[in-house]
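Contents: one structure, followed by commentary.
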Amino acid sequence: QVQLVESGGGLVQAGGSLRLSCAASGRIFSMYDMGWYRQAPGQQRELVAKITSGDNTNYADSVKGRFTISRDNPKNTVYLQMNSLKPEDTAVYYCNAGYYVHNYWGRGTQVTVSS
């Protein structure tokens, strides 16, 4: 069982930056593929960025060049650095951990970008 706790969300003006953190419990964090997803009101949850256990990354086209995902295995933490934020980035951001058939979600953190 893995527990994920997100932090770092908040209200920011367009063009600003935020850094989200996701702290994970468990002893095999380094073996998990970690991802950030987001869900805006009335929309489906979508992948924002993902980092594999081998540190390979991929991003949604909408955030490429603005967002950076990284992980610190000794700290059991994954980060999402978000720069040049836009109002359309407003959503609840969720952390995800995946390992074979195991899949875990955090409760989410709200990010609101004002224009």
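The values are calculated or read from the model by the stated rules, or taken from the named source; none is laboratory data. All values reported here derive from a predicted model rather than from experimental measurement. Reconstructed Cβ throughout: ideal geometry from the backbone, glycine too, with neighbour counts over all protein chains shown. Surface accessibility is based on the protein's heavy atoms, side chains included, excluding ligands, DNA and RNA. Shrake-Rupley method; radii C 1.70, N 1.55, O 1.52, S 1.80 Å.
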Once phi is turned into ³J(HN,Hα) by the Karplus curve 6.51 cos²θ - 1.76 cosθ + 1.60 with θ = phi - 60°, what whole-Hz value does each residue of region 5-20 show in order, with x for glycine and proline? 10, 8, 8, x, x, x, 9, 9, 7, 3, x, x, 10, 9, 10, 8
Tell me the per residue accessible area of the chain using a 1.4 Å probe; a whole number in Å² is fine. 55 Å²
How much length is gained on full extension from L11 to T52, taking 0.36 nm per residue of separation minus their Cα-Cα distance? 11.9 nm
Can you tell me which of 24-32, 59-67, 92-100 comes out highest on packing, and rank the rest after it, using the mean Cβ neighbours within 10 Å? 92-100, 24-32, 59-67
If you consider only alpha-carbon coordinates, what radius of gyration and Dmax does the chain have, in Å? 13.3, 42
Each residue of region 40-47 in turn: what ³J(HN,Hα) in whole Hz from Karplus with 6.51, -1.76, 1.60 and θ = phi - 60°, glycine and Pro shown as x? 8, x, x, 10, 7, 5, 10, 6
Run down the aspartates and glutamates and flag those whose C-alpha is under 20 Å from the C-alpha of K75, throwing out any fewer than 8 positions away in its chain. E6, D33, D55
Counting only protein heavy atoms with a 1.4 Å probe and every protein chain in place, the carbon and sulfur fraction of the accessible surface of region 70-115 in whole percent equals 48 percent
